[in-house]
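Down below is the structure, laid out as structure tokens.
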Amino acid sequence: MDKFVIRGGNPLVGNIRISGAKNAALPAMAAAILTDEPVILENIPDVRDIQTERNLLVSMGAEVELGYGRASHRTTISCRNLVNPEAAYELVKTMRASTLVLGPLVARMGRAHVSLPGGCAIGARPIDLHIQGLEKLGATITQQHGYIEAAAERLRGGHIAFDKITVTGTEDLMMAAALAEGETVMENCAREPEVADLAALLNKMGAKIEGAGTSTIRIQGVDKLHGARHRIIPDRIEAGTFIIAAALTGGDLNVTNCEPKHLGALLEKLEECGVTVTTNGESVRITNGHRLKAADVSTEEYPGFPTDMQAQYMALATQAEGTSFITENIFENRFMHAHELVRMGASIKVEGSRAVVHGYTPLSGAAVQCSDLRASASLVIAALVAEGETILDRVYHIDRGYERIEEKLRGAGAQIKRIGEMLPKKAPAPVGVA
Ligand code: EPU
């Protein structure tokens with residue numbers, strides 16, 4: 001297991017280029033199941049979750065070609081010979097987004113056998129809304145031995161009103177409805193840019209989807225979809241992570257190849273904290289030369305402040321003058337980073353779904369542990385301003401969703417290096433034993 005060793009104190013200066021969005025790439029790869037023609041995806045991030053999804057598709061019989069060298073961010077997926085409509089527990093337990101294959105499998109193959117994901121570090125995260133939606137589209141669903149078995153000769157259009165806004169639920173059912181017979185209307189949909197990006201790909205494949213990116217999506221089902229080429233949108237959460245790191249370290253950083261329009265809630269909040277933000281086409285420049293001011297945050301579905309930025313914002317709040325109230329409204333257990341930040345010297349009290357952060361408190365380097373992807377990012381950011389050395393354990397969590405984060409940070413002046421697990425020294429052979 002790799003670790004990061006980070007020495008704090010350097011401001012982030014220069015440029016950091018943003019990769020493609022993991023959370024847009026994952027549903028796009030699942031969409032390839034819907035056609036027997038190749039789907040070519042560009043700007044695919046080189047992160048662990050993408051490898052997991054490739055393995056999942058290959059386990060079903062898909063041919064997944066990886067680009068090399070300059071084309072390393074391109075993947076071509078051909079689902080011509082799908083034989084095994086199954087997502088096994090071994091894969092689903094390492095990545096919940098594997099459940100995105102449920103809708104496409106039933107739509108294309110008439111059957112899906114997908115493991116239930118179970119809870120995870122940030123909450124219970126059921127998939128009941130995916131299941132109810134598929135039933136509305138005419139699928140028969142049974143549950144046995146920890147697996148969902150879904151079947152339908154041909155899905156038919158229906159009316160789905162989500163009780164709760166769900167990102168992958170909206171995506172899963174949009175893919176299923178694309179091949180259903182007749183019209184589907186989905187209400188109270190997630191409005192995340194990743195949903196709109198998936199709809200753009202599906203429409204290139206011949207689907208008839210309107211309204212993605214708003215809360216009502218209308219889908220006219222078609223009999224068949226074809227291959228397409230699509231470029232994945234930039235990762236707004238990766239961009240936001242570096243933006244916060246720059247603000248916190250008092251740097252001057254250009255975050256390039258991103259989409260500033262997708263970062264609205266975060267950038268507004270940072271301006272409230274006193275950070276200077278300049279957007280220009282596909283880049284955001286962050287400069288900050290003075291002490292930050294506290295500002296409250298309450299996570300919401302897009303276009304609100306993203307839950308995926310809450311942990312990183314908490315690291316920033318520890319260095320802001322005053323008290324920040326941070327409320328997490330999407331997941332019930334997404335404050336694991338708070339306890340590690342406290343070990344580094346932060347003053348944070350968690351009260352149910354709210355964390356009260358008193359700043360400014362100096363941070364000092366410590367041995368800390370990653371608990372999930374965004375919590376890990378929060379600890380990396382905190383370590384960049386901590387006095388002394390921080391050793392971050394279990395960085396495989398961060399590798400799931402950030403492409404070579406240590407190289408990108410080092411390129412902007414941070415002192416961070418990756419080390420492999422040191423094996424304990426072999427005990428010397430006992431002397432004098434026969
Ligand atoms: N929910 C249900 N039933 C369902 C589905 C969701 O009760 O059937 C609840 C969840 O438990 C949660 C809320 O609805 O309380 C929202 O969950 P959602 O379904 O929107 O989350 P998700 O689709 O599983 C995606 C991202 C997450 C991100 C959330 C919220 C992907 C692959 N994952 O998850 O990303 O936090 O939306 O924006 O798109 C991450 O990248 O670190 C990450 C966790």
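Here are the numbers:
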| item | result |
| --- | --- |
| Ellipticity estimate at 222 nm from DSSP helix runs (n ≥ 4, -39,500 (n - 2.57)) divided over the chain, nearest 500 | -8500 deg cm²/dmol |
| Computed over the chain: relative contact order in percent, which uses C-alpha pairs under 8 Å that are six or more apart | 21 percent |
| Dipole of region 250-326, positive end: most advanced residue of Leu267, Ala311, Thr278 [Cβ charges, Cα centre] | Thr278 |
| Principal semi-axes in Å for the chain [√(5λ), Cα gyration tensor, largest first] | 38, 26, 21 |
| Three semi-axes of the equivalent ellipsoid, region 196-240, Cα gyration tensor, whole Å, largest first | 23, 15, 5 |
| Sequence-distant aspartates and glutamates (8 or more away, or on other chains) whose Cα lies within less than 12 Å of Lys417 | Asp2, Glu389, Glu406, Glu407 |
| Test item: Cα-centred dipole of region 288-415, Lys/Arg +1 and Asp/Glu -1 on Cβ, debye | 220 debye |
| From phi via Karplus (6.51, -1.76, 1.60), per-residue ³J(HN,Hα) for region 347-357 in Hz, x at Gly/Pro | 10, 9, 10, 9, 10, x, 8, 10, 10, 10, 10 |
| Gaussian network model of the chain, Cα within-10 Å springs - most flexible of Pro38, Pro306, Pro362 | Pro362 |
| Taking region 73-226 and dividing mean pair separation by its residue count, relative contact order in percent (alpha carbons under 8 Å, at least six apart) | 19 percent |
| Glu268 versus Asn15: modelled label distance in nm, points set 7 Å from Cα along the beta carbon direction | 3.0 nm |
| Stokes-Einstein D (µm²/s) once Rh is taken as the Kirkwood radius of region 188-308 over alpha-carbon pairs, at 20 °C in 1.002 mPa s | 133 µm²/s |
| Computed over region 154-254, Kirkwood Rh from alpha-carbon pairs, angstrom | 14.9 Å |
| Residue pairs, from the table Lys204/Lys261; Lys224/Lys261; Lys136/Lys204; Lys93/Lys269; Lys208/Lys408, whose Cα atoms sit over 31 Å apart | Lys224/Lys261; Lys93/Lys269; Lys208/Lys408 |
| Kirkwood Rh (inverse of mean 1/r, distinct Cα pairs), region 31-108, angstrom | 12.7 Å |
| Choice from Arg70, Arg418, Arg231 showing the highest fluctuation, given a GNM over the chain with Cα pairs closer than 10 Å | Arg70 |
| Rg/Rh (Cα only; Kirkwood hydrodynamic radius) as it applies to region 92-205 | 0.94 |
| Charge dipole of the chain about the Cα centre (unit charges at C-beta), most positive-ward option of Met344, Phe325, Ile219 | Met344 |
| Equivalent ellipsoid dimensions for region 345-408 as semi-axes, Å, which come from the Cα gyration tensor, largest first | 22, 16, 10 |
| The chain, accessible surface, carbon-and-sulfur percent (1.4 angstrom probe) | 48 percent |
| List Phe325, Phe242, ordered by accessible area with a 1.4 Å probe, largest first | Phe325, Phe242 |
| Dipole magnitude of the chain, debye to nearest 20 (Cβ charges: Lys/Arg +1, Asp/Glu -1, about Cα centre) | 880 debye |
| Average projection area in nm² (convex hull over Cα atoms of region 280-361, one quarter of hull surface) | 6.1 nm² |
| Check: region 12-76 dipole with +1 on Lys, Arg Cβ and -1 on Asp, Glu Cβ, in debye | 360 debye |
| Residue among His397, His230, His159 with the largest mean-square fluctuation in a Gaussian network model of the chain, springs linking Cα atoms under 10 Å | His159 |
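The values are calculated or read from the model by the stated rules, or taken from the named source; none is laboratory data. Bear in mind that the values here come from a model prediction, so they are computed numbers and not experimental data. We place every Cβ from the backbone using ideal geometry, glycine too, and count neighbours over all the protein chains shown. In case anyone asks, the SASA skips ligands and DNA or RNA and just uses the protein heavy atoms, side chains included. Shrake-Rupley method; radii C 1.70, N 1.55, O 1.52, S 1.80 Å.
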